[in-house]
Amino acid sequence: MEDKIKEKDFAIRNLDSVESCNAYNEHSTINPWISIIDFSKSTPKCREWMRLGFYCIMLKDIHCGDLKYGISQYDYDAGTLLFFAPNQIYKVDKVGSLSVPQGLCLVFDEELIRGTSLQKQIHRYSFFSYEHNEALHVDEEERNNVMEIIAKINREISPELDALSKKLIVTNIELLLDYCSRYYQRQFTSRQPLHQLISDKFADLVREFIITSKSDDYGLPTINYFANKLHISTNYLGDVIKKETQQTPIEIMHQIMINQAKELLHDFEKNISEISHQLGFTYASHFTRFFKNKMGLTPIEYRRNLNR
């Protein structure tokens, strides 16, 4: 089914199956669960948002258009990998006579990996939830490795997958994703100054949020709030912070909250309820539980120790 629906201010075409994706790209369907599409054999399409109902790994070869991911634009260069999970949306805007990425696209249905170790582990490949400006750029050697793995997968695709063919396909998809994880680690390292800036800016935003009592309007701060402020995805922020600090964003945020809580507890004119509200907790009991979990004693016990 490839019906168009209206969402907000733009129409979205649903490509809810591997077969519908093949039909849209003028590619024959060998197996309904998996396909490898050569975009150079597709007729250029213009200005359509699409929601995918399957996993998609797109390897783009040459500059041929501007890909929009989510609602943002990504002007890409050669050697780029993009990852889409089911229910994500993207758009390609026409540039000249071309408006589709020139390269290959591996698409596979969730049914292909159901009951496999990959189904249980695919959530750990956080780059499926990265934003447009967080794509993976590969060098020639890396690109060739990706192409070799895709070729191995392609050789196993048949109308009826036997147990061994399915295992080999899924194993190679997992191998491809593991290599992409490695390449992202390389990209994180090569962009270390930028990522250090992101880590520092994140910590500054958390301190500003807590110290200026923005919780009065927003409640407890969330990682998604700060990711939006930094114009990056939540998963990308988490991966950058982990790479730079060996801590999660939640751990950093909680440490800053605890430091501010201790500062406020030194002000004996404020009671525990006022302090908990200032930090964004709806109930003082929630603040007390949070503080004791981090410090090993309650806010009242901490305050008593200040007088000793």
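Could you tell me whether segment 193-306 comes out rounded, prolate or oblate from its Cα gyration tensor? Rule is a ≥ b ≥ c as square roots of the eigenvalues, rounded for a/c under 1.5, then prolate if a/b exceeds b/c, otherwise oblate. Prolate shape, in that a/c is at least 1.5 and a/b is the bigger ratio.
Magnitude of the charge dipole for segment 148-297, about its Cα centre and with charges confined to Cβ atoms of Lys, Arg (+1) and Asp, Glu (-1), is about 300 debye. With a cut-off of 16 Å, note down the residues of segment 137-176 whose backbone N falls inside the zone around a label point 7 Å from the Cα of Gln121 toward its beta carbon. Label zone hits: 167-176. Loop-resident GluC sites (Glu not before Pro) (DSSP state other than H, G, I, E or B) in segment 203-283 with no more than 13 further Cβ atoms inside 10 Å of their Cβ: Glu269.
At an R0 of 45 angstrom, the distance between the Cβ atoms of Glu208 and Glu160 translates into a FRET efficiency of 0.15.
Placing R0 at 30 angstrom, the Cβ-Cβ distance between Lys152 and Ser181 gives a FRET efficiency of 0.95 after rounding to 0.05. Charge dipole of segment 213-271 (Cα centre as origin; +1 on each Lys and Arg Cβ, -1 on each Asp and Glu Cβ, all else neutral): 200 debye, rounded to the nearest 20.
Remark: Glu111, Glu48, Glu26 ranked as Glu26, Glu111, Glu48, counting other beta-carbon atoms within 10 Å and listing the fewest first.
Read-outs throughout are calculated quantities, based only on the coordinates presented, and are distinct from any laboratory measurement. Note that the coordinates shown come from a computational prediction; the quantities given were computed from them, not determined experimentally. When we count neighbours, we look across all protein chains shown, and the Cβ atoms used for this are built from the backbone with ideal geometry, even at glycine.
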